[in-house]
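These notes are about the structure you will find just below.
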Amino acid sequence: MHGHNAPHQACHASDHSPSVPQVRDWVAYYFIDTSSSLPICSALPSQLFTYSEYSPRARGHRTMQLANEFRHAYSIASGPDLAAVLTPIATSNNPDRLRSFYQYTNIQYLTNDLTSSLFHGKNLKVPKLEQAAWVDIFAAYWEAVGEVLKFEGRHPGASATAIFTAWKKVANALIKGYSGPNGLPAWTLPCLYTVGKFLRTFAIKADLEVAAQGSSGFGFQDDLAVDVEKNGNLEEAARIINRMFTLCLSDRAPIEESRKWGIYETTNLLFKTYFKINSVGLTKNLLRAINAQSHELPPLDAFPKSHIVTFEYYLGVIHFLDEQYTQAEEHLTTAWRMCHREAYKNRELILTYLIPCHLVTTHTLPSRRLLAPFPRLEQLFRPLSNCIRKGDLVGFDQAMSAGEAEFVKRRIYLPLERGRDIALRNLFRKVFIAGGFEEPKDGQPAIRRTRVPVAEFAAALRIGTHATGRTRVDIDEVECLLANLIYKGLMKGYIARERGMVVLSKNNTAFPGTGV
């Protein structure tokens, strides 16, 4: 490669080789993520790992750009800017940042070079213990960057697992830096978030790599052991992130200088990880720990809105999975109201669970206006909504079958299935309305007929289910369905079995919430 644009060209050249995994594809966060996943260069030359020309004596006037970014962020006490320095990706403005940092030094001079580059000059006043912590952190970061570049350059021995192993050292060095009475200041907490996010991302890719290597073998295999190790790296990442959570929750510094400001963001990261490894039950431990110290935490509205939106979303989903739909609706509604209007993906995720909540708690359906900005949700929920409104039981069953895979994946199948009761209620409501009014007496206003033969509901059910002679609807079955709707509060009345009649409530309360 020659010239200033060579790294950029290499990135494009590698795109023609789909078998080469790209680190830029790894940076995928599932909810509320403000970091940008920008491309980093790949297909680096083997000369990258020849260090002699980069010895401190040979560099002359060259400086470490990353150190300049660190000093600037530290001088203005900007946590987000400091966290950006620790990202293992390049930027569009500096696509060569990782390679230039890695080539700046070697293992022999690493500690001295980092110390002099990060803290040289009189303008930056950093305590000695803190300096030592940052040198340890960036030494681990340097090693991890080397693994990233080796992986992208397809060097022997490079692997996603090696990257994860190296990044664990970054996380552990950072945790060590925050530990103790003279730990890193709280304004640097975004570094903890960034390192934790990439730890999770690299763990997922390492697990995929392990799974791919296991599936390519032949012969006997311990299936139980394979299943246990399926998320081995991610489970290890969860344990490390849990230490980050504890660091924040247990801090005893005054609230202005406390790491407690990081409690919800580290909790959110653990929520994501526990959901990924299908260990949602572990989230309860986090919530118990937070509730136990809630009196020591700042009020929710004092935290960054992005932290709280994510927290409320996951809290809503946790209640949703526990079938506590009223509480789930409360938290999801809070997340919906706080979520930025342009955060399209996040709003779509919230609605994915809020719509089934409304169906269960208030028997309401999403409007066309609500679903219009979200084509995926429109495709999922519109057929169901139309069938529920019309009382089309066959159509409802077909819509549930068509969306079953996605409904099961999102864990919303069972609450949506309850929509069949609403569809049945609407079908029987049509029978009630079709019955018309009773003869008015003594000049009083006409009232709807409230005594409806069970046979009329049976006829409607035969039509609604496309029943044939072979699958005729039994009267006992109809009475059972009616009794179930009455029990659930979807109808008001009682069944007079001896007369084959349903006696419904008067004064437009026969079908609560529908106006009749």
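A compact table of results
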| item | result |
| --- | --- |
| Criterion violated by Glu147 - all others in (1) in contact (Cβ under 8 Å) with a residue 40 or more places away in the chain; (2) among the charged types (D, E, K, R); (3) buried (at least 21 other Cβ atoms within 10 Å of the Cβ) satisfied | (1) |
| Number of the exception - Val394 against (1) touching a residue at least 60 places away in the same chain (Cβ under 8 Å); (2) crowded, with 16+ Cβ neighbours inside 10 Å | (2) |
| Residue among Arg411, Arg425, Arg420 that alone is in a loop (DSSP other than H, G, I, E, B), in contact with a Phe, Trp or Tyr (Cβ under 9 Å, 6 or more places away or on another chain) and closer than 30 Å to Ile350 by Cβ | Arg411 |
| Residue in the stretch 494-506 that is at pLDDT below 90, within 27 Å of His358 (Cα to Cα) and surrounded by fewer than 12 Cβ atoms within 10 Å (Cβ to Cβ) present | no |
| Condition met for Leu270 (within 26 Å of Val408 (Cβ to Cβ), of a type in the set (A, V, I, L, M) and surrounded by fewer than 18 Cβ atoms within 10 Å (Cβ to Cβ)) | no |
| Matching helices (runs of 4 or more DSSP H) fully within the stretch 229-344 where at least 2 residues are outside the structural domain of Leu184 (by TED's automatic domain parsing) and at pLDDT 95 or above | 305-321, 325-338 |
| Hits in the stretch 479-516 - residues which are closer than 15 Å to Phe432 by Cα and in a helix (DSSP H, G or I) | Leu482, Leu485, Ile486 |
| Those residues of the stretch 377-398 which are more than 25 Å from Pro512 (Cβ to Cβ) and either of a type outside the set (Asp, Glu) or touching a Phe, Trp or Tyr at 6+ places or on another chain (Cβ under 8 Å) (or both), in sequence order | Leu377, Gln379, Leu380, Arg382, Pro383, Val394, Gln398 |
| Identity of the residue in the stretch 397-428, among the basic types (Lys, Arg) and surrounded by fewer than 20 Cβ atoms within 10 Å (Cβ to Cβ), that ends up farthest from Leu354 (Cα to Cα) | Arg420 |
| Filter result for the condition that a residue is in contact with an Asp or Glu (Cβ under 9 Å, 6 or more places away or on another chain), over 20 Å from Ala302 (Cβ atoms) and of a type outside the set (Gly, Ala, Ser), over Ile255, Ile277, Ile240 | Ile277 |
| Some residue of the stretch 368-379 being in a loop (DSSP other than H, G, I, E, B), of a type outside the set (Ser, Thr, Tyr) and either within 22 Å of Asn426 (Cα to Cα) or assigned by TED's automatic domain parsing to the domain that holds Phe275 (or both) | no |
| Qualifying residue in the stretch 108-127 (condition: under 30 Å from the mean Cα position of the chain (by Cα) and under 30 Å from Pro181 (Cα atoms)) | no |
| Pairs where the first residue, in the stretch 481-498, is outside the structural domain of Val360 (by TED's automatic domain parsing) and on the phi > 0 side of the Ramachandran plot and the second is part of a loop (DSSP other than H, G, I, E, B) and of a type outside the set (Lys, Arg), C-beta under 8 Å, 6+ apart | Gly489/Pro512; Gly493/Thr450; Gly493/Ser505; Gly493/Ala510 |
| Any pair with Cβ under 8 angstrom, 6 or more apart, that starts in the stretch 245-256 at a residue that is within 13 Å of Tyr178 (Cβ to Cβ) and ends at one that is at pLDDT 90 or above and among the charged types (D, E, K, R) | Leu247/Arg259; Cys248/Arg259; Cys248/Lys260; Leu249/Lys260; Asp251/Arg259; Asp251/Lys260; Ala253/Arg259 |
| Some residue of the stretch 434-446 being in contact (Cβ under 8 Å) with a residue 24 or more places away in the chain and either β-branched (Val, Ile, Thr) or not assigned by TED's automatic domain parsing to the domain that holds Gly395 (or both) | no |
| Boolean, Lys128 is charged (D, E, K, R), over 23 Å from Asn233 (Cα atoms), surrounded by fewer than 20 Cβ atoms within 10 Å (Cβ to Cβ) and out of contact with any strand residue (DSSP E or B) (no Cβ under 9 Å at 6 or more places or on another chain) | yes |
| Residue among Val431, Val452, Val473 that is assigned to a loop (DSSP other than H, G, I, E, B), over 30 Å from Arg376 (Cβ atoms), outside the structural domain of His358 (by TED's automatic domain parsing) and hydrophobic (A, V, I, L, M, F, W, C) | Val473 |
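The values are calculated or read from the model by the stated rules, or taken from the named source; none is laboratory data. Everything numeric here is computed off the predicted structure, so don't read it as measured data. Cβ sites come from the backbone with ideal geometry, for glycine too, and all protein chains shown count toward neighbours.
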